[in-house]
Amino acid sequence: MGYCKMKSLLLYVAFVMCLVNWGCGHREVKEEKFVIEGEVENCNTFMKVAVVDIEKGKEREIASTIVSNGTFRLEGKVEGYVMGELRFRKGTADFVKVKVMLENANYQVKMASPEEVQKTNDVFQRRQMVSVKGTKGQEELSEYENETLDAERNLDNKLKASAFSWVGNLPEDSVKKSNEEIRVLRAKLQGISESFIKRHPNYFVSAYWVEKELNTFFQYTAEEQQARLRLVENNPDTARVNRMKRVLPGMLKYARLCDYTDFEVENVKGDTVRLSGLMAKNGYVLIDFWASWCGPCRKAIPHVRELYRKYPKELQVFSVSLDEKPEEWKKAMAEEKMEWMQLRCAGEMLRDVAMGYRLSSIPYLVLLNSEGKVMCATNSVDDVINQLESALKN
């Protein structure tokens with residue numbers, strides 16, 4: 001009888017193991033992927049549709065196809081949750097771009113006829129003529145976009161208007177006014193976005209935007225960055241949250257009010273000195289990175305001069321040229337009549353500057369407070385003026 005019980009038990013265990021093995025095998029065979037099925041009304045012309053990964057700033061096309069008889073189907077695979085874009089193209093230009101919170105799931109897309117879409121030049125109105133449904137993450141993304149739509153459209157329209165007007169060489173006052181309007185609109189959009197994230201910390205789109213803001217330089221203090229990450233630490237997009245936790249320590253080196261990076265420079269006599277040896281112990285410091293061949297840099301010089309003359313006691317100004325040839329630097333310096341401290345940083349010296357301040361374009365202006373903390377690092381003189389005047393008032 002004992003034998004029969006043992007035999008029955010072994011048979012039961014074998015049966016269970018078969019089920020487990022079948023289940024494991026089934027999961028291994030199954031290939032997870034996303035499927036996007038779409039309909040385009042009255043599509044009588046040749047049109048391509050693609051889905052693109054826009055996560056890293058370097059766009060990567062995942063899949064593409066041709067709309068046939070008003071329908072299309074896209075398939076692909078992603079790891080976790082990825083911010084993507086559906087792009088509809090006629091000829092060589094994308095005429096509609098719609099964000100998609102991609103995961104390995106099924107999506108349904110409906111778009112109005114291409115002729116109807118192209119009747120408007122408003123990219124936001126075009127975006128609303130495409131419906132994407134299928135996942136909770138996509139519903140959350142749509143909710144976010146609906147809430148930020150007006151603020152984003154107003155900013156976009158202002159940026160376009162400013163770009164066209166600047167071509168006509170507007171008076172300086174008009175340019176300043178336009179820049180201030182853009183700054184206010186950006187702040188409004190940022191405020192709406194942050195409010196949304198605070199109310200919906202568990203939305204996939206919230207984790208996406210927190211990571212996007214985490215990867216900015218000298219915009220937020222260390223405390224602000226840490227608070228943002230704490231806000232979404234229980235977000236279901238665990239892969240993204242864990243990635244942010246790994247990246248955070250390195251990004252805090254570039255937080256607003258972090259310690260400034262010291263570096264070597266060459267003075268007008270050709271001597272190599274360190275910036276720290278030239279800085280006064282008290283007061284604010286402005287470092288203006290420029291070059292003789294840079295048109296926008298030369299246009300910014302009068303504003304730097306204005307700050308130098310307006311705050312002779314409060315502000316110490318250094319212009320640091322990135323010119324490779326000393327003679328070109330000195331020629332431009334004489335032409336611009338730059339009476340404040342002039343320095344040059346080129347070749348191997350430039351490595352520490354590029355890493356320490358994430359210098360990738362010029363003009364690039366870095367404002368330090370009296371404690372040697374980075375208050376501002378920007379391509380805009382207006383940002384420096386706003387930061388400095390605000391600090392001096394307080």
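Observations, loosely collected:
- Evaluating 6.51 cos²θ - 1.76 cosθ + 1.60 at θ = phi - 60° for every residue in segment 353-369, the Karplus couplings come out as 5, 4, 6, x, 10, 6, 6, 10, 8, 10, x, 9, 10, 10, 10, 10, 7 Hz, glycine and proline recorded as x.
- Counting Cα-Cα pairs of segment 34-128 in 5 Å increments starting at 0 gives whole-percent bin shares of 3, 13, 26, 25, 18, 10, 3, 0.
- For segment 210-295, the calculated P(r), taken from all Cα-Cα distances in 5 Å bins from zero up to the bin holding the longest distance, is 3, 11, 17, 15, 12, 11, 10, 9, 6, 3, 1, 0 percent.
- Taking every alpha-carbon pair under 8 Å whose residues sit at least 6 apart, segment 268-375 reaches a relative contact order of 37 percent.
- Distant-in-sequence amide H partners of Y107 (H built 1.01 Å from N, under 5 Å): V35, I36, E37
- C-alpha long axis of helix 172-199 to longest principal axis of the chain, angle in °: 30 degrees
- Length-normalised contact order for segment 34-128 - Cα pairs under 8 Å, 6+ apart - percent: 34 percent
- Value of Rg/Rh across segment 295-394 [Cα atoms, Kirkwood radius]: 0.95
- For D94, residues with placed amide H under 5 Å, excluding near neighbours: none
- Loop-located GluC sites (Glu not before Pro) in segment 76-166 (DSSP state other than H, G, I, E, B) with a sparse environment of at most 13 neighbouring Cβ atoms within 10 Å: E79.
- Nearest-ten-degree value, helix 222-231 long axis tilted from longest Cα axis of the chain: 10 degrees
- Rounded tilt (10° steps) of 204-214 against the dominant C-alpha axis of the chain: 30 degrees
- Global form of segment 120-279, assessed from the alpha-carbon gyration tensor, a/c cut-off 1.5: oblate
- Pairs from the list K99/K158; K56/K198; K48/K110; K177/K373; K177/K281 with a Cα-Cα gap above 26 Å: K177/K373; K177/K281.
- Normalised convex hull volume, the chain, alpha-carbon set, Å³ per residue: 226 Å³
Rule-based calculations on the coordinates, nothing more; no lab input. As the structure is a prediction and not an experimental result, all values here were calculated from the model. Glycine also receives a Cβ, built like all others from the backbone with ideal geometry; neighbour counts cover every protein chain displayed.
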